[in-house]
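Report on the structure given below.
The values are calculated or read from the model by the stated rules, or taken from the named source; none is laboratory data. Quantities reported herein were computed from a predicted structural model and do not represent experimental measurements. Cβ: placed from backbone, ideal geometry, glycine included. Neighbour counts: every protein chain shown.
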There are 2 protein chains.
Amino acid sequence: MLLPAKARLTRQRRAVLDAIGRGGGSFTAVELYDLARRREPGLSLATVYRTIDLLKRTDAVRPLAGSERGEYVRCSPGHHHHLICLTCGSVEETELCAAPPEAELRERHGFTPSSHELDVYGTCAGCLAA
Amino acid sequence: MLLPAKARLTRQRRAVLDAIGRGGGSFTAVELYDLARRREPGLSLATVYRTIDLLKRTDAVRPLAGSERGEYVRCSPGHHHHLICLTCGSVEETELCAAPPEAELRERHGFTPSSHELDVYGTCAGCLAA
DNA sequence: ATAACTGCAAACGGTTTGCAAGTCT
DNA sequence: AGACTTGCAAACCGTTTGCAGTTAT
């Protein structure tokens, strides 16, 4: 959850970071806005977006790939994928990774992979219990 | 590339389908608009969007997951993933599929998967040659 | 001191919608 | 007739930007 090098840790940013900290791992700019505004009432939506933008640069946050518009996910560094609960919307990270083997991609499609993105949808432990 | 049941195949829709037919598999609403307008000059952007919407319902088209806003991909039916060329933007389908095994997801995360989305980025055969 | 940061309000880009007219069967 | 479709223009929603003033270091 780190900001880029020369970024300053202001009250507003602290409030946004804190808001990201709560919640199930995925969020909307407006959700953060509402949450963060409880402790930082003057906060503007523009600042929320600017903060999200900073976090995107350090890969601490990413737009949620396979989803509706406007959803972001909190991300820890390093290669991982997301388990997205279709019931409660929570997002969990997993280090489990199964990409198609490079050799086969090359052989079958002449395609040279450099990265991939994988999201798994389903039901999280909590929602399964209920 | 089929339209839903009771949908009519009008001149405008034919032009849009045709425009999707050209191109490398991924496209933008406006790209289609420009292309299709060459043979169907009166065509409106709204109609392009409405046609894309129809195709989304039959899964003949999907929003391109891990990409900028506004990109769509032509999709054939059935489970497959996309190989996206970072150089030319073309999108190829592959039946190669490697998802994390259900048993392991359940064991490690208590997560019950129901579907997944996988996109591979890299360089396509054509661009590798050049 | 000086770069970084903020709120505001306006602008943006992609997408959707209400409507009245047109078209297919 | 009756359901479906279209173009137009306006509305929408998430996001970005210019600006003038404020703040962290």
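Numbers at a glance
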{"quantity": "The stretch B:18-27 - residue that is more than 14 Å from chain A (Cβ to nearest Cβ) and crowded, with 18+ Cβ neighbours inside 10 Å and, of those, farthest from DNA strand D (Cβ to nearest atom)", "calculated": "B:Ser26"}
{"quantity": "Count of the stretch B:1-25 residues which are within 12 Å of DNA strand C (Cβ to nearest atom) and among the small types (Gly, Ala, Ser)", "calculated": "1"}
{"quantity": "The lone exception for A:Val120 - which of (1) crowded, with 18+ Cβ neighbours inside 10 Å; (2) more than 7 Å from chain B (Cβ to nearest Cβ); (3) in contact with a helix residue (DSSP H, G or I) (Cβ under 8 Å, 6 or more places away or on another chain) it fails", "calculated": "(2)"}
{"quantity": "Residue satisfying condition, being surrounded by 18 or more Cβ atoms within 10 Å (Cβ to Cβ) and either polar (S, T, N, Q) or modelled with pLDDT under 90 (or both), within set B:Thr47, B:Thr94", "calculated": "B:Thr47"}
{"quantity": "Pairs with Cβ under 7 Å, 6+ apart, first in the stretch A:104-129 and on the phi > 0 side of the Ramachandran plot, second aromatic (Phe, Trp, Tyr) and part of a helix (DSSP H, G or I)", "calculated": "none"}
{"quantity": "Residues of the stretch B:22-49 that turn out to be assigned to a loop (DSSP other than H, G, I, E, B) and within 14 Å of the chain's Cα centre (by Cα), as a count", "calculated": "4"}
{"quantity": "Test: A:Val73 is at negative phi, away from every other protein chain (no Cβ under 12 Å) and crowded, with 19+ Cβ neighbours inside 10 Å", "calculated": "yes"}
{"quantity": "Neighbours by Cβ (under 7 Å, 6+ apart or cross-chain): first from the stretch B:1-17, exposed (fewer than 13 other Cβ atoms within 10 Å of the Cβ); second among the β-branched types (Val, Ile, Thr) and assigned to a loop (DSSP other than H, G, I, E, B)", "calculated": "B:Leu2/B:Thr58; B:Pro4/B:Thr58"}
